[in-house]
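This report concerns only the one structure given below.
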Amino acid sequence: AEFDALRRSGKDLVAEVDRLQRPLLGVDRVTLYQDKALRGDYYYTLARMQLLKTRRTVLSVALAEYVANPAASKQTDLVAEIDSIIGPFGNVETRLTNLATTTGGMMLLPALSLWDADIVRDEAYGPTRCRIRFELKNVGGADAGAPEAKMSFLSSGVSAVGDPDYSFTTLQADATVRDSLDVTIDAGITHVTISMSLETGGRVFTDRSTLSVPESTTAVEQDHPIPASCILHQNYPNPFNPSTTISFELPRPMAVRLIVTDALGREVWNAGARGHYARGRHSVIFDASGLPSGVYCYRLVTEDAVLVRKMVVMK
């Protein structure tokens, strides 16, 4: 247990360094190249960070070997190796923070980052049902057009219930967007590591995060804060026949419209006239009894954004 905790601590440290580095990927390299001194500091800091991440990986292997075959003769070298990484990691974090401030005027490109994530239980659907909530942020210096995200799991015993692929509307610099994914997590699992692949304008960013799994007595309904932005959830079940539930969340009272279209973009259903909804979570039942099998899109039109997801009717 102590070994696992130490490994998670190392992963968290690397994730924090990655988060601090991400704004630098929004720097325009042509502009950076014109400043020789700053260019040297920029690449030195990134190279130092990569070296330390590699050394942390080697340390993880050494720790695993020590746990499998502990010996007093190995302890001194292992402690020295740990100390040789922890101190420089802190120095790199400081350099990254300072460098991001210095190069602020050169950040002319978007850069996406997994800003926050957690797991809550949704036991209304069974004892293993959970929801992974996450927040993405554009930490670059320009709008991120049509950003996309895909979540995958680096831990066993975790399965997606909804669609792990996401599409969002344009995300302005320093703006965030929230969404979630329904999953099942096997009993006994205490931590889950996720990987998020983020893409905008042909540029891809990858983040990893290790999240703690709450006790089974914690339900979503007991801990479900008001979202910071509009969220359109993946329908459930999916695929479905003949009906499914479409849920969405609003950060404040507003007028919204829910529309379903076929693969050709033709409207096949809507939730009626544009209506006002209170802030919080809402659910709508969609009945596809009169529709053929196929892929459909459902679109949430709000005052803040237009959100789109896909669903499958399978008869």
Under Karplus coefficients 6.51, -1.76 and 1.60, residue-wise ³J(HN,Hα) of region 197-208 in Hz, glycine/proline x
9, 10, 9, 7, x, x, 9, 10, 10, 10, 10, 10
May I ask you to order 112-119, 198-205 by the average number of other C-beta atoms within 10 Å around their residues, highest value first?
112-119, 198-205
I want to check the label-to-label distance for residue 125 and residue 199. Put each point 7 Å from Cα in the C-beta direction and report it in nm to one decimal.
2.5 nm
Under a crude label model (7 Å from the Cα following the beta-carbon direction), how far is residue 315 from residue 216 in nanometres?
4.0 nm
Difference of contour (0.36 nm per residue) and Cα-Cα distance, residue 299 to residue 146
53.6 nm
Considering every pair of different Cα atoms, what Kirkwood radius, in Å, is found for region 112-221?
14.4 Å
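Bear in mind these aren't lab numbers, they're just calculated from the coordinates by the rules spelled out. Note that the coordinates shown come from a computational prediction; the quantities given were computed from them, not determined experimentally. Reconstructed Cβ throughout: ideal geometry from the backbone, glycine too, with neighbour counts over all protein chains shown.
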